[in-house]
Ligand SMILES: [Ca+2]
């Protein structure tokens, strides 16, 4: 799969997300802003996490996406196995249908979970957010999840974390 082929499903997910934000605060959605200008070459500005039948994470960048950037997501589950899952990909590049099981903020999986329904999007020709969508079934049907995001420029080594370096965002229950 290429990390841009998500059009129809992404549009549906966005519509649901905006409806949730337009009403009262939804327990299954969170978003948080990251400062703009706190990093060069890569600069996360906003993260939104929706926890429904899938966990969908959308990340806005304050600078254009470009080749040589790596987008890393850690999803930690809060019930049952309580694992941390790792997904990383580059814009307009191949993407494997599996999740890595790692220590929090680790990048070297001890094992992999096959996840045929996982979707990723990062398109340098679009201003759409960088996004992943992971079915809950791949995560062990967790009661809650929390997410950390790191955008990195592999040439310069610049990195921007959200919400903070090696820190998870708030728990998002389903
Ligand atoms: Ca930032």
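Every number in this text was worked out from the coordinates using simple rules, so none of it is lab data. Because the structure is a prediction, the values reported are computed rather than measured. We place every Cβ from the backbone using ideal geometry, glycine too, and count neighbours over all the protein chains shown.
From least to most packed, judged by other beta carbons within 10 angstrom and beginning with the fewest, 108, 51 follow the order 108, 51. When peptides 33-40, 71-78 are ranked by their average number of other Cβ atoms within 10 Å per residue, the highest-first order is 71-78, 33-40. Shape annotation for segment 134-174: C-alpha extents along the principal axes are 38, 19, 11 Å, from largest to smallest. Using R0 = 41 Å, the C-beta based FRET efficiency linking residue 113 and residue 46 works out to 0.90.
The largest-to-smallest principal axis extents of the Cα set in segment 50-90 are 38, 18, 14 Å.
In whole angstrom, how far apart do the alpha carbon centroids of segment 79-108 and segment 25-57 sit? A separation of 17 Å, based on Cα centres.
P(r) for segment 37-140, from all Cα pairs and a bin width of 10 Å, is 15, 47, 32, 6 %, short bins first. Computed from label points 7 Å out along Cα-Cβ, the spacing between residue 94 and residue 32 is 3.5 nm.
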